[in-house]
Amino acid sequence: MSFNINDLNEAQRDAVISTDGPVLILAGAGSGKTRTLTYRIAYLIKEKKVHPKNILAVTFTNKAAKEMKDRIINLLGANVTGIWMGTFHSVCARILRREAEHLGYLRNFSIYDIDDQVQAIKKVIIELGVPQQIYSPKMIQNRLSRVKNQFLYPDDIQDNKSDSLDEYLPDIYRKYQKYLEKNNALDFDDLLIKPIELFNGNSGIKEKYADLFKNILVDEYQDTNHAQYLFLHNLAKEHQNICVVGDEDQSIYAWRGADINNILNFSKDYRDVKVCKLEENYRSDNNILKAANEVVKNNSERLGKDLFTKRKEGEKIQVYPASTEIEEAKHIVSIIHDEMYTNKRNFHDIAILYRTNAQSRIIEEELRRNAISHIIIGGTRFYDRKEIKDILAYLKLIANPSNSIALKRIINFPLRGVGETTVSKLEKFAEVHDVNLFVALGRVKEIANISETMGGRVIEFYNLINKFIDLSEKLILPELVSSLASESGILHHYQTEYDQYESENRVGNIKELFNSIQQFVDDREKNDLDASLSAFVEDVSLLTDIDTWNDASNSVTLMTLHSAKGLEFPVVFITGLEMGLLPLQRNNADSQELEEERRLLYVGMTRAENRLYMSYARQRRKYGTTQLTTPSLFLDEIPADLLHYKADYNNAHYSKRSRTRSRKKKIQSYFERASVDQTVDESFVIGQKVYHAIFGKGEVMDIEGNGDKMKISVHFYDESITKKLIKKYANLSLLEV
């Protein structure tokens, strides 16, 4: 491929060559936004003679950044390693590695993932006396993340009388931040907040980066939160040379802090904004596109686009009203067989989308029963497996000896006889002497109530870590990790402590980790980038489920509608189109939540290229009981002539008048009812992913009874055990709705 601007359509060309001043590119689904972005960057370099180092391009996944960089290299026929390209978190981490000292951190700071954050918060709330039986560490972690994404500090948190957690939150926030500082660690949200603090506190540094990034490009701008908005505004406020690409109709992340107003108000934030609309869809057949447009036009929070396509009309959307969720799954499998044999599809041509992770269990079982290869996005990630996290904990500690969360995970793994009592004494010593836990290990002989034998074990571990800290400067990364796995005893542990099948599986995963490390080093060296231990640990910390998805494997893909954004498949199934499920109804639902649910369906529909299948169950098992359902109001918003109902449904039944009346009734019901089947935060379903403060992550396998007497059987991944817990006392947190 070579760079030729005439390869673009007129709207895309206009967006590419408009390089002076602020530009808003409204890019409808499937309209070639990635192509437009990459051509714009290539145009800046080739035609406008902008040096790559003066370009900042921000994406929302590492996968998108890599794809964009590869395309630019193909267009220009040259490497463009000088470009600052990556996710918000990776770009901010890169800035902080350079400037950490200005914020009181060392450059080798650790990045705490969610599990690390939960462990740190658990320690903090125990010290503060916060009742864990009411407020779990996971619940607090979620709340703190939302607060930080809004760029709020402890003193900014309002005392909300309707939520007693706000009474504790400011103190938890302060103590948690002090804990992070002592461990030379930042969490994901700090990666966004700290650069803003850096810019606000040091005008020279702010000017340095504003001058460096003379051209700023932002993908998926509709998904930015307030902290990300402030980060960009700090850099672009003076030169105004910022180009954002987005689609307000695909803003679906309000639940994690995204603010649709960032894109709606872009023309108010910058001077003389040029708006370019990409409205030609290259992905979906016309019937699919028309149906999706008819759904999303019912939203009021829109800037407005009229998507069209030159593709064929295509097939009508098939809607299947199943009697139960089991029949729904069987129908999906039947259609997959038909698509494969009639239309010669491969498994990787097919995606099954759902609103909640819990819906996947029945579908997965039916696929497995029919020997259909499949992969679940959002299941246990490779880097979340216990054996991998154990090795990563060693690497995190070697990279940053202040990381006490990593240290406590491995100080007695593999078993070396250093128990919790000894660790508590070491922590107390560290606190009294105001040193980090690793330093306390080296001074264990000063602790009178730790025996000489126990002290010897602690020193042995301390010396092991110090040895590998020294080796990390001398060995290449693959050699370092291979030596560590052997000398630490981890490899021997997994070879001998499990049955043959489990042992082979875990050792195989460790060997795959070695492969991934070698690939990381090869890729980084090829692009003249840092391939150090710290760089690898950071890279793993910032990975997402989509980044690790192997789209080359021949498997049906199962994922939530949220995970599907940015992807496309010839055949798409959208399941569970029922009131309370899609749209998902929480307590106190409002019009903004309903509009986001509608956008979520729009995203799912526009993933489909040729065939779109939608289904719902007339009754579904929820919270241990079977409940009747009502078809989604969104189905009533699709013109009947675009739909083909399967089974015993008569399309004539869905006259325009009856559908309109049905839709109005369902909307009213959405706002008025707060029934048990919508109380998501307090209820559980089989297949739901949960978190327990002691046992960690798990999955609900069975439910008995109702109310406070409900018993929930959960299989916990890390310990590979199943526990039966009483709901009233279990203190389980939902990992994802």
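One table, with the values for the structure above:
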| quantity | calculated |
| --- | --- |
| Every pair of residues 6+ apart whose Cβ atoms lie under 9 Å, when the first sits in the stretch 80-92 and is in contact (Cβ under 8 Å) with a residue 40 or more places away in the chain while the second is open to solvent by 10 Å² or more (accessible area, probe 1.4 Å) and of a type in the set (Ser, Thr, Tyr) | Thr87/Thr61; Thr87/Thr544; His89/Ser541 |
| From the options Val118, Val124, residue that is free of Cβ contacts under 8 Å to residues at least 60 places away in the same chain, touching a helix residue (DSSP H, G or I) at 6+ places or on another chain (Cβ under 7 Å) and assigned to a helix (DSSP H, G or I) | Val124 |
| Hey, Glu301 at pLDDT 90 or above, under 24 Å from Asp249 (Cα atoms) and surrounded by fewer than 18 Cβ atoms within 10 Å (Cβ to Cβ) or not | no |
| Among the residues listed as Lys344, Lys310, the single one being open to solvent by 40 Å² or more (accessible area, probe 1.4 Å) and under 30 Å from Ala11 (Cα atoms) | Lys310 |
| Odd one out for His644 among (1) modelled with pLDDT of 85 or more; (2) crowded, with 18+ Cβ neighbours inside 10 Å; (3) not in a loop (DSSP other than H, G, I, E, B) | (2) |
| Residue match in the stretch 150-173 (condition: in contact (Cβ under 8 Å) with a residue 60 or more places away in the chain and among the acidic types (Asp, Glu)) | no |
| Residue satisfying all of: in the stretch 522-539; part of a helix (DSSP H, G or I) and open to solvent by 40 Å² or more (accessible area, probe 1.4 Å); farthest from Asn184 (Cα to Cα) among these | Lys526 |
| Residues of the stretch 2-20 classified as without any contact (Cβ under 8 Å) to a residue 12 or more places away in the chain and either under 17 Å from Lys274 (Cβ atoms) or of a type in the set (A, V, I, L, M) (or both), total | 2 |
| Every pair of residues 6+ apart whose Cβ atoms lie under 7 Å, when the first sits in the stretch 291-310 and is within 11 Å of Asp247 (Cβ to Cβ) while the second is open to solvent by 20 Å² or more (accessible area, probe 1.4 Å) and assigned to a loop (DSSP other than H, G, I, E, B) | Lys305/Glu279; Leu307/Glu279 |
| Close pairs from the stretch 127-148: first more than 23 Å from Glu427 (Cβ to Cβ), partner modelled with pLDDT of 80 or more and acidic (Asp, Glu), Cβ under 7 Å, at least 6 apart | Ser145/Asp189; Lys148/Asp189 |
| Qualifying residue in the stretch 555-563 (condition: in a loop (DSSP other than H, G, I, E, B), modelled with pLDDT of 80 or more, of a type in the set (Ser, Thr, Tyr) and over 12 Å from the mean Cα position of the chain (by Cα)) | yes |
| Matching residues in the stretch 422-438 - criterion: being assigned to a helix (DSSP H, G or I), surrounded by fewer than 19 Cβ atoms within 10 Å (Cβ to Cβ) and without any contact (Cβ under 8 Å) to a residue 24 or more places away in the chain | Ser424, Glu427, Lys428, Glu431, Val432 |
| Any hit, the stretch 133-144, residues being modelled with pLDDT of 90 or more, touching a Ser or Thr at 6+ places or on another chain (Cβ under 6 Å) and either under 25 Å from Leu543 (Cβ atoms) or surrounded by 18 or more Cβ atoms within 10 Å (Cβ to Cβ) (or both) | no |
| Of all residues making up the stretch 595-634, the number that are farther than 12 Å from Gly580 by Cβ and part of a helix (DSSP H, G or I) | 11 |
| Condition check for Ala100: farther than 26 Å from Lys386 by Cβ, assigned to a helix (DSSP H, G or I) and touching a Ser or Thr at 6+ places or on another chain (Cβ under 7 Å) | no |
| Some residue of the stretch 36-55 being modelled with pLDDT under 85 and in a helix (DSSP H, G or I) | no |
| All positions within the stretch 564-591 that are open to solvent by 30 Å² or more (accessible area, probe 1.4 Å) and at pLDDT below 85 | Gly566, Arg586, Asn587, Asn588, Asp590, Ser591 |
| Selection within the stretch 107-130 - surrounded by 22 or more Cβ atoms within 10 Å (Cβ to Cβ) and either at positive phi or charged (D, E, K, R) (or both) | Asp116 |
| Residue within the stretch 485-494 that is under 26 Å from Ile376 (Cβ atoms), at pLDDT 80 or above and among the polar types (S, T, N, Q) present | no |
| Some residue of the stretch 384-395 being hydroxyl-bearing (Ser, Thr, Tyr), in contact with a strand residue (DSSP E or B) (Cβ under 7 Å, 6 or more places away or on another chain) and open to solvent by less than 20 Å² (accessible area, probe 1.4 Å) | no |
| Qualifying residue in the stretch 249-260 (condition: farther than 30 Å from Gln141 by Cβ and surrounded by 21 or more Cβ atoms within 10 Å (Cβ to Cβ)) | yes |
| Selected residue (only one of Ile372, Ile398 is within 27 Å of Glu479 (Cβ to Cβ), open to solvent by less than 50 Å² (accessible area, probe 1.4 Å) and among the β-branched types (Val, Ile, Thr)) | Ile398 |
| Test: residue in the stretch 668-675 that is open to solvent by less than 40 Å² (accessible area, probe 1.4 Å), at pLDDT 65 or above and over 19 Å from Glu593 (Cβ atoms) | no |
| Residue list for the stretch 172-208, filter: in contact with a helix residue (DSSP H, G or I) (Cβ under 7 Å, 6 or more places away or on another chain), surrounded by fewer than 16 Cβ atoms within 10 Å (Cβ to Cβ) and either modelled with pLDDT of 95 or more or assigned to a helix (DSSP H, G or I) (or both) | Arg174, Glu197 |
| Residues of the stretch 23-53 satisfying the condition of being touching an Asp or Glu at 6+ places or on another chain (Cβ under 9 Å) and polar (S, T, N, Q) | Ser31, Thr34, Thr38 |
| Members of the stretch 439-491 that are open to solvent by 80 Å² or more (accessible area, probe 1.4 Å), in contact (Cβ under 8 Å) with a residue 40 or more places away in the chain and either in a loop (DSSP other than H, G, I, E, B) or under 17 Å from Ile391 (Cα atoms) (or both) | Ile476 |
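Conditions (1) touching a Cys at 6+ places or on another chain (Cβ under 8 Å); (2) open to solvent by 40 Å² or more (accessible area, probe 1.4 Å), marked per residue:
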residue	(1), (2)
Phe3	no, no
Asn9	no, no
Arg13	no, yes
Ile17	no, yes
Val23	yes, no
Leu37	no, no
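The values are calculated or read from the model by the stated rules, or taken from the named source; none is laboratory data. Just so it is clear, the structure is predicted and the values come from calculations on it, not from any experiment. For neighbour counting, all protein chains shown are included, and Cβ atoms are generated from backbone atoms with ideal geometry for every residue, glycine included. Remember, those area values only see protein heavy atoms, side chains included, never the ligands or the DNA or RNA. Shrake-Rupley method; radii C 1.70, N 1.55, O 1.52, S 1.80 Å.
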